[in-house]
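Notes follow once the structure below has been shown.
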């Protein structure tokens, strides 16, 4: 089949190809009831003319944080006009003006002028509108760590959370979404004094949960009998090994495209093998880029040791010899590597207090080293 045949082929195995997009919000959203309930509890005071409870939403990549926020915001706005819910992707909007332009658009239905209008006027318009309408504002800042990279986080948080000091009656709250467990130590004291967040943790999906989520996505995105449970199981295994549900969803999309290109009515094993080969360690690279230099150094040491009996104590000795920091900082970094599913730890019951931990690298040593070299 040549390129023209591929482009003009009429038949499709996709019932809804959008079901495999990164920003797709599924109708059936499972395994996150407790987290969504916690989010709802944080918003509830605003329904009774109180202030929303600020929250930090923690979880490694592809654990459903963004989808949960969007689902809860959708339910709130469909049932009440007392709250304005504004979701902002901080990878796309990192400046003070950019963030408040998104809020302005949510409230007024159009964006403010990009030039000729001072920021203070836009800020005042937002807060005065909230005060006059007696509405609360809940802002979800997704990937909030990008605001810290641009050094705008403290000012933006201050503008949002201390608005009531200049505009009496204004009620605002922030949901900060991120994968970095060190976030809470990064805010200035004058911001922390009003932030005081509720912490909501999104644990990684289990293999069983990943399989069922992918199966629901298959029902939505493909026509019946396009993919067998056996191949879907292999995709779920691959996603679980990478610790990222998005890997599985993307594989479904790529497999579907490969099958269509061959005019096949079903996804076959050869399509999966080709999709896996072409995918590469993209998601691993994304996770590694989020590490600090000290965390990267620690991961390199773990990778080079490649020892099934590597304990946290032995690892710290090597880390310390190479100029590492205190044991408490080492412990926090170790916790973060586990949180991001780069390593596993297992208590051995040995040691002075019976809490000695084995350190287990979750990825192939060569794959980790290859990715680290390119960073």
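Worth a mention:
- In region 163-184, the residue that is nearest to residue 121 (Cα to Cα) out of those that are part of a loop (DSSP other than H, G, I, E, B) and touching a strand residue (DSSP E or B) at 6+ places or on another chain (Cβ under 7 Å) is 179.
- Identity of the residue in region 141-157, touching a residue at least 12 places away in the same chain (Cβ under 8 Å) and in a loop (DSSP other than H, G, I, E, B), that ends up surrounded by the fewest Cβ atoms within 10 Å (Cβ to Cβ): 150
- Residue that is in contact with a helix residue (DSSP H, G or I) (Cβ under 9 Å, 6 or more places away or on another chain) and either outside any strand (DSSP E or B) or surrounded by fewer than 18 Cβ atoms within 10 Å (Cβ to Cβ) (or both), where the choices are 107, 41: 107
- Residues in region 265-293 that are modelled with pLDDT of 85 or more and under 25 Å from residue 145 (Cβ atoms): there are none.
- A count restricted to region 235-267 and to residues that are closer than 26 Å to residue 362 by Cα and part of a loop (DSSP other than H, G, I, E, B) stands at 2.
- Residue count for region 305-325, restricted to those that are touching a helix residue (DSSP H, G or I) at 6+ places or on another chain (Cβ under 9 Å), at pLDDT 80 or above and either surrounded by 14 or more Cβ atoms within 10 Å (Cβ to Cβ) or more than 22 Å from residue 369 (Cα to Cα) (or both): 8.
- The residue of region 77-97 that is surrounded by the most Cβ atoms within 10 Å (Cβ to Cβ), among those that are modelled with pLDDT under 95 and closer than 15 Å to residue 140 by Cβ, is 90.
- Within region 335-367, considering residues that are touching a strand residue (DSSP E or B) at 6+ places or on another chain (Cβ under 7 Å) and in a helix (DSSP H, G or I), the one modelled with the lowest pLDDT: 338
- The listed residue being modelled with pLDDT of 95 or more, in a helix (DSSP H, G or I) and under 21 Å from residue 120 (Cα atoms), out of 160, 231: 160
The values are calculated or read from the model by the stated rules, or taken from the named source; none is laboratory data. Being a predicted model, the structure only gives us computed values, none of them experimental. Neighbour counts are summed over all protein chains in view; Cβ atoms, including those assigned to glycine, are modelled from backbone coordinates with ideal geometry.
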